[in-house]
Structures are given as structure tokens and as C-alpha cells.
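Below: one structure, written as C-alpha cells.
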Amino acid sequence: MTDRNVVILGAGPAGLTAAYELTRHQIPVIVLERDDTVGGIARTEFYKGYGYDIGGHRFYTKMSEVNALWHQMLGAELLRVPRLSRIHYQGKFFYYPLRLTNVLRALGPAQSLWIFLSYVRARLFPLVPEESFEDYVSNRFGRKLYSLFFKTYTEKVWGIPCTEIRAEWAAQRIRGLSFTSVLKSALLKNNHGIKSLIEEFEYPRQGPGMMWEAFRRAVEANGGQVQLQAPVVRVKRQGARITSVVVNHPDGAREIAGTHFISTLALRDLVNALEPPPPTDVLHAANQLGYRDFLTVILIVDAPQLFPDNWIYVHTPQVRVGRIQNFKNWSPAMLPDLSKTSLGMEYFVSEGDALWNLSDAQLIALAKQELELIGLARAAQVIDGTVKRMRKAYPVYDAPYREHLGIVRGYLDAFENLQTIGRNGMHKYNNQDHSMMTGLLAARNILGAQHDVWAVNTDMEYQEEIALPNPHPRTRDRLRPILDFVPRGDRKRH
């Protein structure tokens with residue numbers, strides 16, 4: 001197989017896994033990464049010795065191959081971490097996944113009854129077809145619980161109304177979690193293997209970047225190359241084949257040829273880099289694919305303990321912060337001084353918007369103010385901070401994305417020596433284990449297999465959703481008068 005020479009664009013989980021699998025079989029590989037570190041959004045950054053994630057990255061999977069790779073790379077460096085996460089909403093904390101007694105105690109009997117009746121209405125009169133995130137969640141939790149625990153946070157993340165977010169995003173992220181699964185979990189103390197209800201996960205001792213640095217070392221030990229600060233600016237094509245890529249190295253542009261290419265670049269960037277350019281309709285479709293950007297404000301707090309959670313979802317609409325990570329509760333080794341606490345105040349933004357354009361000092365001041373407003377610490381306790389911005393963190397599942405993605409994918413699939421993998425390479429909200437699996441399958445295709453990489457789905461192995469059977473129409477008719485006073489939302493589809 002020495003006639004094969006593979007060029008991989010991007011050194012995130014997908015690209016590095018593909019590179020490792022290929023170099024295990026003595027295939028020459030070169031990985032090109034635009035940043036100065038590996039891991040993509042799953043990297044670990046450091047500020048004055050304080051480690052932090054770009055978002056929190058749990059290591060949890062039901063894919064035996066992926067799990068074996070994790071343990072092969074890090075072994076005893078993987079810690080077992082108990083999960084604790086809560087929702088902050090209007091001055092109150094709710095465990096997430098939701099716990100029945102906690103919700104009842106915090107909301108009181110009247111509002112709890114309202115939630116239950118709203119759920120019954122949703123089961124009897126569901127919104128069909130399920131087109132949006134709002135439809136999907138309302139059908140499984142009821143309109144009332146959806147508005148309390150899903151709507152505000154989701155719109156913070158995406159910056160668009162929940163009615164414009166496609167239902168398939170919800171199916172990927174919270175499949176298996178429903179009103180009845182929460183109830184059964186509370187009553188039976190049995191999570192039935194539902195992904196959203198896991199209570200423990202693994203985590204590298206000094207953050208997820210340890211894993212990807214280990215992959216990088218393994219690739220290089222097998223004879224592969226990983227080049228950092230090597231952004232791909234052009235992808236040359238001829239007929240139905242990619243021939244080479246042009247990279248802007250610090251010492252000048254270089255052209256790198258290959259027989260096979262694997263790309264983890266955002267599809268918009270890949271299509272715009274093609275030379276000669278693709279047809280106008282393909283360019284237009286690629287440029288319509290949306291992305292949500294991300295920034296985290298790291299606050300160093302002069303306190304040994306603030307709260308027990310790994311992270312907190314902030315649904316309270318009066319603050320802009322969407323999620324708060326407590327890195328000491330992921331691993332104490334993330335901190336050089338255990339008398340302090342380091343927090344990641346996470347903001348979901350779009351590049352160029354007002355929040356993105358604030359200076360670092362302004363963002364740190366905002367995060368300190370919101371931390372105190374939520375009641376987790378006093379602003380005066382914050383002794384230092386820094387800001388990290390990350391572009392194209394999340395592919396957006398807006399109303400027209402399927403049409404645009406179909407056009408782009410149809411065009412790229414015609415190239416016989418090109419595969420696109422990973423979260424941005426497929427415009428799919430993959431977790432890191434699924435991104436790794438796309439890398440494994442793409443590598444094996446080059447080795448002679450014929451896998452459909454696009455069949456790897458973020459919930460491909462989680463098919464355990466608990467749901468009530470559809471009620472008999474006669475039951476609906478009998479209960480309709482009783483439930484007419486329970487709101488069902490703006491759209492009244494049955």
C-alpha cells in the first residue's frame with residue numbers, strides 16, 4: 001500500500017483518529033492543522049497553569065473500539081468522575097437530568113400539576129409532524145416544562161428561536177430523555193442505559209488535550225507527520241479527483257500532493273477553498289450553512305470551593321452566560337493551586353456580534369458581574385481572568401440547512417478520493433466519540449473497505465427512548481374537555 005499517500009485536513013479527534021488508523025497500517029500520512037495545538041474544540045488550554053476546556057468534554061461512549069483507543073492512549077491517566085450538573089433558573093437550582101422531588105419542591109404543587117397536565121395534553125394531542133426543536137421537546141415533556149427548562153437555554157446557544165431549529169438536532173442531543181424516562185429514573189433508580197442520564201464519565205487527568213497529544217505522538221511514532229500552524233488555503237481539483245492542497249506555512253506557501261484526502265474543515269471553508277471554484281449553486285449553498293461561535297471567560301476565584309457541580313446550565317434570561325464549568329470538579333489536576341477555583345463562563349455568540357466584539361477586559365467584567373448576580377461568588381473574589389474565542393464551534397440546524405447540506409454533499413461525494421468527517425466536516429453535531437468513529441471508517445475505506453461514513457450518527461447506538469404508547473382516539477376525545485384549559489402552544493397541529 002505504499003502507493004497511497006494521505007493528506008488529512010485538521011488535527012481534531014476525527015482527523016487524528018483517521019491518521020492513527022492509517023499509520024498503524026504503514027500508510028504515509030500528513031496532518032495539516034491551522035492552529036498551534038491539536039484537538040480542535042476538544043483541546044485543553046492553559047492560563048498561568050490553570051487548565052480549561054473549550055466547553056466540557058466528557059469521555060463516555062458505548063462504542064467499544066473508541067473506548068479501547070482511549071484506554072490504550074491514556075490508561076491510568078483517565079479518571080472516573082461523578083457527574084453533577086444543575087440548571088439555574090430564576091434564582092433556583094434544578095438537578096439535570098431532572099429529579100422529580102427536586103422539581104416538585106422548587107416549583108410547588110400548583111405549578112407541578114400544571115406541568116403534568118401540560119404533558120398529558122402533549123401525549124394526547126402531539127404536534128405532528130415534528131418539524132422543530134420546540135415540537136420535539138414539547139411532545140416529550142409538555143409545553144410548560146419545555147418553556148421552563150429548554151427554551152431559554154437553547155435560544156442562548158443558537159441565537160435563533162426554537163421554532164427555527166430543526167427537530168433532528170433535538171433527536172441527536174436528547175434522544176432517550178423524556179418525561180417518562182425522568183419519572184422512571186426517579187422512581188426506579190434505573191437509567192436503562194439512556195445516554196442523557198449517565199451519572200459517571202471518564203476524563204483525562206489534565207484535560208481532554210492529553211488525549212489528542214497522545215494521538216499525535218502515536219501518529220508520529222508510526223511515521224506520520226502532524227504539522228501545526230499550517231492552514232489550508234486552497235484545495236486543487238482536476239476532474240473527479242483532488243490533486244493537492246496549498247498550505248500557508250510561517251515560512252511561505254507550500255503545495256502538498258496526495259492520492260487520498262480526508263477533510264475535517266467546515267464545509268463552507270472547504271468548498272470556498274476549491275480551485276477551480278465549484279458551480280455557483282454549490283458555492284451559494286455552502287455559504288448558507290450557518291455556524292455558532294463560542295467564547296469562554298476563565299475566572300480565577302480566591303475560594304477553595306464554590307459549588308459541587310461539574311457544570312451548571314444557566315437558563316435565567318437576565319444574564320448572557322449560558323453555561324458555567326467548574327474545572328476543579330472535573331479534575332483537581334487542572335489547577336496549580338487548590339486554594340483557588342477556576343470557572344469557565346461560557347457564552348454562545350456569532351463572530352462579529354456585540355458580545356464577540358467586546359474587549360477581553362469588558363468580557364471579564366461582564367462575567368464577574370453575572371457570576372455574582374447568579375449568586376455563586378462575589379465579583380470581588382475574582383482575582384484574575386482570561387478569554388478564549390472559538391470560531392465555528394457548532395454547526396447550526398436552521399430551517400434551510402438540509403437543502404443546502406444536500407447540495408454540498410452531493411457535489412463533494414462525486415470526488416472519488418475525498419472524504420469529509422467530524423463535526424464540521426459533516427455539518428453534524430457529533431460528540432467526540434462519533435467524530436472518532438467517522439475517522440476510523442474513513443481510514444478503513446482507504447484501506448479497502450466501503451463504509452458509509454455518513455451513517456455514523458450521534459445517537460446511532462442509543463435507541464432506548466422510553467415513551468408512552470399513542471393513546472386511543474376515544475381516550476383523546478374523552479379527555480379533551482378536561483385539558484382544554486392547558487396551553488398547547490402557538491401552533492395547534494394534531
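The values are calculated or read from the model by the stated rules, or taken from the named source; none is laboratory data. Keep in mind the model is a prediction, meaning the values are calculated, not measured. Neighbour counts run over all protein chains shown; Cβ positions are idealised from the backbone, glycine included.
Before we move on, is G75 without any contact (Cβ under 8 Å) to a residue 40 or more places away in the chain, out of contact with any Pro (no Cβ under 7 Å at 6 or more places or on another chain) and surrounded by fewer than 23 Cβ atoms within 10 Å (Cβ to Cβ)?
It is true that G75 is without any contact (Cβ under 8 Å) to a residue 40 or more places away in the chain, out of contact with any Pro (no Cβ under 7 Å at 6 or more places or on another chain) and surrounded by fewer than 23 Cβ atoms within 10 Å (Cβ to Cβ).
Looking at (1) free of Cβ contacts under 8 Å to residues at least 40 places away in the same chain; (2) more than 19 Å from the chain's Cα centre (by Cα), which is the one condition that is false for N326?
Evaluating N326 over (1) free of Cβ contacts under 8 Å to residues at least 40 places away in the same chain; (2) more than 19 Å from the chain's Cα centre (by Cα) leaves (2) as the failure.
Can you confirm whether region 409-419 contains a residue that is in contact with a helix residue (DSSP H, G or I) (Cβ under 8 Å, 6 or more places away or on another chain) and in a loop (DSSP other than H, G, I, E, B)?
Pass one, region 409-419, residues in contact with a helix residue (DSSP H, G or I) (Cβ under 8 Å, 6 or more places away or on another chain): 409, 411-412, 418-419.
Okay, now just the ones that are also in a loop (DSSP other than H, G, I, E, B), so none.
No, region 409-419 contains no residue that is in contact with a helix residue (DSSP H, G or I) (Cβ under 8 Å, 6 or more places away or on another chain) and in a loop (DSSP other than H, G, I, E, B).
If you check L283 against the conditions, is it more than 20 Å from A14 (Cβ to Cβ) and assigned by TED's automatic domain parsing to the domain that holds E370? Reasoning before the result, please.
On the way: more than 20 Å from A14 (Cβ to Cβ): yes; assigned by TED's automatic domain parsing to the domain that holds E370: no.
Answer is no for this residue.
Are there any helices (runs of 4 or more DSSP H) wholly within region 104-214 with 1 or more residues that are acidic (D, E), under 18 Å from the mean Cα position of the chain (by Cα) and at pLDDT 80 or above, and if so which?
On the way: elements: 133-141, 143-149, 151-158, 167-174, 179-188.
Because the criterion is at least 1 residues that are acidic (D, E), under 18 Å from the mean Cα position of the chain (by Cα) and at pLDDT 80 or above, the helices (runs of 4 or more DSSP H) in region 104-214 that meet it are 151-158, 167-174.
Output the number of residues of region 194-245 satisfying the condition of being without any contact (Cβ under 8 Å) to a residue 24 or more places away in the chain and either among the basic types (K, R) or under 15 Å from V38 (Cα atoms) (or both).
Within region 194-245, residues that are without any contact (Cβ under 8 Å) to a residue 24 or more places away in the chain and either among the basic types (K, R) or under 15 Å from V38 (Cα atoms) (or both) number 2.
Please verify whether region 269-284 includes one or more residues that are surrounded by fewer than 17 Cβ atoms within 10 Å (Cβ to Cβ), under 28 Å from V226 (Cα atoms) and either under 20 Å from the mean Cα position of the chain (by Cα) or of a type in the set (D, E, K, R) (or both).
Yes, the conditions are met somewhere in region 269-284.
Assess whether N248 counts as being among the polar types (S, T, N, Q) and in contact with a strand residue (DSSP E or B) (Cβ under 7 Å, 6 or more places away or on another chain).
Values: among the polar types (S, T, N, Q): yes; in contact with a strand residue (DSSP E or B) (Cβ under 7 Å, 6 or more places away or on another chain): yes.
Yes.
State all residues of region 325-347 that are under 22 Å from Y95 (Cα atoms) and either touching a Gly at 6+ places or on another chain (Cβ under 7 Å) or polar (S, T, N, Q) (or both); if no residue qualifies, say none.
So in region 325-347, the residues under 22 Å from Y95 (Cα atoms) come out as 325-331, 341-347.
Within region 325-347, Q325, N326, F327, N329, W330, S331, T341, S342, E346, Y347 qualify.
Looking only at residues in region 351-401 that are in a helix (DSSP H, G or I) and in contact with an Asp or Glu (Cβ under 8 Å, 6 or more places away or on another chain), which one is farthest from L306 (Cα to Cα)? Steps first, answer last, please.
So in region 351-401, the residues in a helix (DSSP H, G or I) come out as 360-374, 379-381, 401.
Next, only the ones that are in contact with an Asp or Glu (Cβ under 8 Å, 6 or more places away or on another chain) stay: 379, 381.
On the way: A379: 13, Q381: 11 Å.
For region 351-401, the residue satisfying everything is A379.
I'd like the residue in region 362-391 that is in contact (Cβ under 8 Å) with a residue 60 or more places away in the chain and either assigned by TED's automatic domain parsing to the domain that holds T154 or small (G, A, S) (or both) and, out of all such residues, is farthest from G51 (Cα to Cα).
Just the residues of region 362-391 that are in contact (Cβ under 8 Å) with a residue 60 or more places away in the chain, to begin with: 363-364, 366-368, 371, 374-377, 381-391.
Imposing the further condition that a residue be either assigned by TED's automatic domain parsing to the domain that holds T154 or small (G, A, S) (or both) reduces the set to 367, 375, 377, 385.
Working: A367: 18, G375: 24, A377: 20, G385: 12 Å.
Taking the candidates together, the pick is G375.
Residues to consider are L447, L479, L468, L440; find the one that is more than 29 Å from L289 (Cα to Cα), of a type outside the set (G, A, S) and modelled with pLDDT of 90 or more.
Values: L479 fails: modelled with pLDDT of 90 or more; L468 fails: modelled with pLDDT of 90 or more; L440 fails: more than 29 Å from L289 (Cα to Cα).
On inspection, the qualifying residue turns out to be L447.
Which residues, taken from region 90-103, are among the hydroxyl-bearing types (S, T, Y) and part of a helix (DSSP H, G or I)?
Taking region 90-103 and keeping what is among the hydroxyl-bearing types (S, T, Y), we get 95-96, 101.
Correct list: T101 only.
Which of the following residues is among the β-branched types (V, I, T) and either in a loop (DSSP other than H, G, I, E, B) or at pLDDT below 95 (or both): V282, V321? Break it down stepwise before answering.
On the way: V282 fails: either in a loop (DSSP other than H, G, I, E, B) or at pLDDT below 95 (or both).
V321 is the lone residue from the list that is among the β-branched types (V, I, T) and either in a loop (DSSP other than H, G, I, E, B) or at pLDDT below 95 (or both).
If a residue has to be aliphatic (A, V, I, L, M) and on the phi > 0 side of the Ramachandran plot to count, how many in region 362-376 make the cut? Steps first, answer last, please.
Step one: filter region 362-376 for residues aliphatic (A, V, I, L, M), giving 363-367, 371, 373-374, 376.
Narrowing further to those that are on the phi > 0 side of the Ramachandran plot: none.
The qualifying residues number 0.
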